[in-house]
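First the structure, in the form of structure tokens, and then the observations on it.
The values are calculated or read from the model by the stated rules, or taken from the named source; none is laboratory data. For clarity, every value in this text was computed on a predicted model and none was experimentally measured. FYI the Cβ positions are ideal-geometry reconstructions off the backbone, even for glycines, and counts take in every protein chain you see. Accessible surface is based on the protein model in full, side chains and every heavy atom, while ligands, DNA and RNA are left aside. Shrake-Rupley method; radii C 1.70, N 1.55, O 1.52, S 1.80 Å.
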Amino acid sequence: MPTQDKTPKARKIDLAVRGALWFGAVGHGAIGTKKAKKGGQAVDVFVASGKIVSLVPSGSLDLKAAKDIDARGLVLLPSLTDVHTHLREPGQEYKESIASGLKAAAFGGFGNILCMANTKPVNDTAAVTELMLDKARESWPNGPRLFPIGALTKGLKGQELAPMAELAASGCAAFSNDGRPVESTEIFRRALEYAQDLGRIVIDHCEDPYLAPAAGMNEGEVSSRLGLPAQPDIAEAIQVARDVLLAEYLNVPIHLAHVSCEKSAALIRFAKARGVDVTAETCPHYLCLTEDETAGYSAAAKVSPPLRPRADVEAMLDALADGTIDMLATDHAPHAAHEKEVEFDQAPCGISGLDTALATTWGLVRAGKLGFAAFLRAWTTAPCARFGLPVNRFLPGDPADMVLFDQDQQWVVSAETMHSKSKNTPLLGRTLRGRVQAHFLAGKSVV
């Protein structure tokens with residue numbers, strides 16, 4: 001367990017969270033580096049001036065606090081970070097606004113949100129970036145924190161680089177062409193080079209633009225039975241290969257979005273073994289759902305890249321566990337009901353994920369399919385390290401960003417229980433276990 005402040009009694013304690021269950025390892029500075037205690041152990045957390053003072057076994061320090069929280073029976077977690085969301089504002093507020101998206105993030109346990117550039121207008125100018133940041137401050141002044149991702153090319157058209165220096169200066173944390181992969185390898189190369197000069201990372205949606213782009217269904221047994229256009233897994237893997245080869249040649253970093261198949265994981269594993277500076281994310285739906293979700297022509301399960309067969313799900317779990325896949329991201333993609341309630345091939349791709357991500361991935365921990373250390377790395381330390389974001393490791397001086405989570409509370413996914421403005425998820429009507437009870441950012445309650 002992290003070493004406590006040597007003089008906690010000399011400090012004014014603003015917040016004490018007492019008796020929470022902590023599943024992390026015991027040992028200085030270690031979140032998950034040693035075997036966690038089965039079932040968790042009861043701990044107390046003390047906060048002063050928005051920062052962690054100490055995390056200690058419950059009852060071992062008798063400190064008075066301005067505010068006390070009885071957290072017995074609740075799991076203590078650091079606030080999560082989501083490096084891939086779509087908040088739709090400006091331009092498509094009927095799907096999601098920055099205010100409603102950050103509300104879903106707060107109740108979902110997320111303290112940091114990186115949001116993609118596919119707004120209307122596209123986030124390819126400082127004016128759009130600044131508008132997004134202003135909206136976030138107005139609606140949620142205490143967080144969750146919004147970090148815009150700037151467009152890689154003007155209008156996301158893949159033809160001319162966006163003003164990357166201007167976007168970085170205005171507050172963009174990374175660059176991406178989002179769901180429209182850059183076809184020109186020459187333009188993509190220049191983008192990687194300019195991003196490195198600016199101290200930013202390029203996030204790439206890996207999809208060969210000529211192999212059934214955005215089909216939303218995996219090419220295989222299910223697509224053959226349904227007779228629908230579909231995309232093979234090599235459409236993703238081909239682009240992964242291009243990206244890691246470029247990153248190696250140029251000696252620059254790159255981040256790969258929503259990896260979904262075993263072939264991609266194998267290429268990333270190979271690249272890391274060669275020393276390529278590559279990180280990758282996958283999403284809860286690629287760990288918990290399969291292509292069978294689309295068997296009834298369900299557009300709620302239409303997503304890009306598409307849901308894969310069970311073998312790919314198992315490969316993603318293995319890759320996340322061994323660190324080939326560094327982190328998790330929701331790829332929260334809200335759409336209005338009327339947009340999804342059409343023929344499968346006419347519906348847009350995307351699943352709303354901020355409300356359900358914590359419960360579904362904690363379910364993997366509960367089932368023994370994902371270790372707690374890997375869970376923490378994937379949702380907290382790895383994304384924050386890669387993108388330079390604040391993270392709470394429960395060390396003295398860390399930001400007091402933390403969640404109290406009832407791992408046993410059951411709830412039905414419905415329009416009434418989701419906080420996102422859009423409800424497009426194949427989990428509608430299903431019962432999940434685990435719900436956020438309280439969320440603090442810099443020691444201030446946001447839930």
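Each part gets one Cα centre, and for the stretch 274-304 versus the stretch 308-358 those centres are 4 Å apart. 3J(HN,Hα) along the stretch 399-415, derived from phi through the Karplus expression 6.51 cos²θ - 1.76 cosθ + 1.60 where θ = phi - 60°, amounts to x, 7, 9, 8, 10, 10, 10, 8, 6, 9, 5, 9, 8, 9, 5, 8, 4 Hz, with x in place of Gly and Pro.
Within the accessible surface of the stretch 159-227, defined with a 1.4 Å probe on protein heavy atoms only, the carbon and sulfur portion equals 46 percent. Where q = 0.10, 0.13, 0.14 Å⁻¹, what log10 of I(q)/I(0) comes from the Debye formula for the chain, counting one point per Cα? Results for the chain at q = 0.10, 0.13, 0.14 Å⁻¹ read -0.68, -1.16, -1.34. Summing charges over all other residues whose Cβ lies under 14 Å from the Cβ of HIS285, with Lys and Arg as +1 and Asp and Glu as -1, gives -4. Summed over the residues of the chain and divided among them, the accessible surface reaches 37 Å² per residue at a probe radius of 1.4 Å. Taking every DSSP bridge with both residues inside the chain, close to 50 percent are antiparallel.
May I ask for the distance between the Cα centers of the stretch 119-154 and the stretch 39-87, given as a whole number of Å? That distance is 30 Å. For the chain, the relative contact order works out to 18 percent when only alpha carbon pairs closer than 8 Å and six or more residues apart are counted.
The calculated FRET efficiency for GLU314 paired with SER184, based on their beta-carbon distance and R0 = 51 Å, is about 0.90. For the peptides 256-264, 429-437, 116-124, 188-196, residues were scored by their other Cβ atoms within 10 Å and the scores averaged per peptide; the highest-first order is 256-264, 116-124, 188-196, 429-437.
Of the peptides 107-114, 232-239, 133-140, the ranking by mean beta-carbon count within 10 Å, highest at the top, reads 107-114, 232-239, 133-140.
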